[in-house]
Amino acid sequence: MTDASDPRGEGDRDSSQRRRASDDARRAGESSLPGAPSPDAAADADAGAVLQAHLRAARSEFENQVAQARADFEEANERIKERTGRDLLLAILIGLAIGAALLGSLLFVKWLFLVFALGAAVLSVFEFSRALAASGRRVDLVPQLIAGAVVVGTAYFVDSWLQWVILFVALAFVVVWRLVAQMASHDGRTYGAVLGDVLIATFIQLYVGFLGSLCVVLLSKEGGEWWVLGFIIVAVAVDTGAYVAGISFGKHPMAPRISPKKTWEGFAGAALAAIVAGVLVGMFMLGLDWWMGVVFGILILATATAGDLGESMIKRDLGIKDMSSWLPGHGGVLDRLDSILPSTVAALTLYYLFTPLVASS
């Protein structure tokens, strides 16, 4: 036992202090060596490693979700393709591209839609003529293309009475050409077959050329570009509503002998879409009253459905699924115009009926 004045006690304390100082100096020296991490640096390194691990985990989770969504979409697309024979993704992309071209021509440079309509009419005449020729009918392609281009192309520039004259001349042109070509062939074709060829020649011009020209006539009117855009929007809404409702709920065939895949549930979806689109287009685009929009939607529904079923009946009679395969996911150009062409009659009629009512109100 020692007291505070013991020299040995003071020596022990001095020795202990020197050892602690030596240990502190050694640790400080080790920490100051090149490459030796400081405590803060080590903590930062640990935090960076944790952050990188979280980022890798998040990236892996995102990639898994994308892969799962893609697999689900491809599975759904295959089911739709199996049921309808259409590639959904291609159909959407091509539909968006056509819609963009249509909007650009109508909203920015009105007369450019004439080029769009003329190209669609010529391609439709070509498809229809080729399909009829493949079924054994005699169709003169060159005069059909010339007549269709003239009927549609001149509709924007001439008066209504002159447009009827041009249509009559075009019909006479294709009929006379067919009769002369038949007489020159000397193939002994029966009278009934020749008469059928003549009727088909006129039908091509009436179905594609004349109905297409009515759309151009509507375009030429004051504010006609909005009416053209409006009835096309409603016709597309009819097709879309029928497609979505038919895929989702379709069970009862509407016309099984003409088009087995069309159902009453699909027609109900088309009717709902047509009325909603008709009211919205009528009120906000054409300046119509709501009831005019309802009438607009219902009439376009009727003509679009009749046109769709009519072309389906023609294709079934010809033994083909599509007029061509130029538009993957859609078929041919005429397959996309089957509901639009007959709707030109309803749209032009309603323009003449509703425009005076709107102007006087």
Any trypsin sites (Lys or Arg not before Pro) in the stretch 234-268 that lie in a DSSP loop and have at most 11 other Cβ atoms within 10 Å would be 251, 257
To the nearest 10 square angstrom, how much accessible area does residue 351 have with a 1.4 angstrom probe? 30
Please list, or write none, the lysines whose alpha carbon is within less than 24 Å of the alpha carbon of residue 262, excluding same-chain residues fewer than 8 places away. 81, 251, 315, 321
Nearby lysines by direct alpha-carbon distance to residue 221 (threshold 23 angstrom, same-chain neighbours under 8 apart not counted): 110
Before I look further, what does the stretch 93-193 give for accessible area per residue, probe 1.4 Å, in whole square angstrom? 55
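Report the extension gain between residue 240 and residue 320 in nm, rounded to one decimal, defined as 0.36 nm multiplied by the number of residues separating them, less their alpha carbon distance.
26.5 nm
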Run the accessible area of the stretch 214-327 with a 1.4 Å probe and give the carbon-and-sulfur part as a rounded percent. 70
Residues whose modelled amide H sits under 5 Å from the amide H of residue 221, counting only those 5 or more places away in sequence or on another chain, are none
Would you kindly derive the ³J(HN,Hα) couplings of the stretch 186-200 from the backbone phi angles with the Karplus curve 6.51 cos²θ - 1.76 cosθ + 1.60 (θ = phi - 60°), listing them in order in whole Hz, with x for Gly and Pro? 6, 9, x, 5, 5, 4, x, 5, 5, 4, x, 5, 5, 5, 5
Can you run phi through the Karplus equation (6.51, -1.76, 1.60; θ = phi - 60°) for the stretch 295-303 and list ³J(HN,Hα) in whole Hz, with x for Gly and Pro? 4, 4, x, 5, 5, 5, 4, 5, 6
Listed by chain and number, the residues whose amide H is under 5 Å from that of residue 254, excluding neighbours fewer than 5 places away on the same chain and using placed H, are 262, 263, 264
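The values are calculated or read from the model by the stated rules, or taken from the named source; none is laboratory data. Just so you know, these numbers come straight off a predicted model, no measurement behind them. Don't worry about glycine lacking a Cβ; one is built from the backbone with ideal geometry, like all the others, and counts go over all protein chains shown. Note: accessible area is taken over every heavy atom of the protein model, side chains too, but ligands, DNA and RNA are not part of it. Shrake-Rupley method; radii C 1.70, N 1.55, O 1.52, S 1.80 Å.
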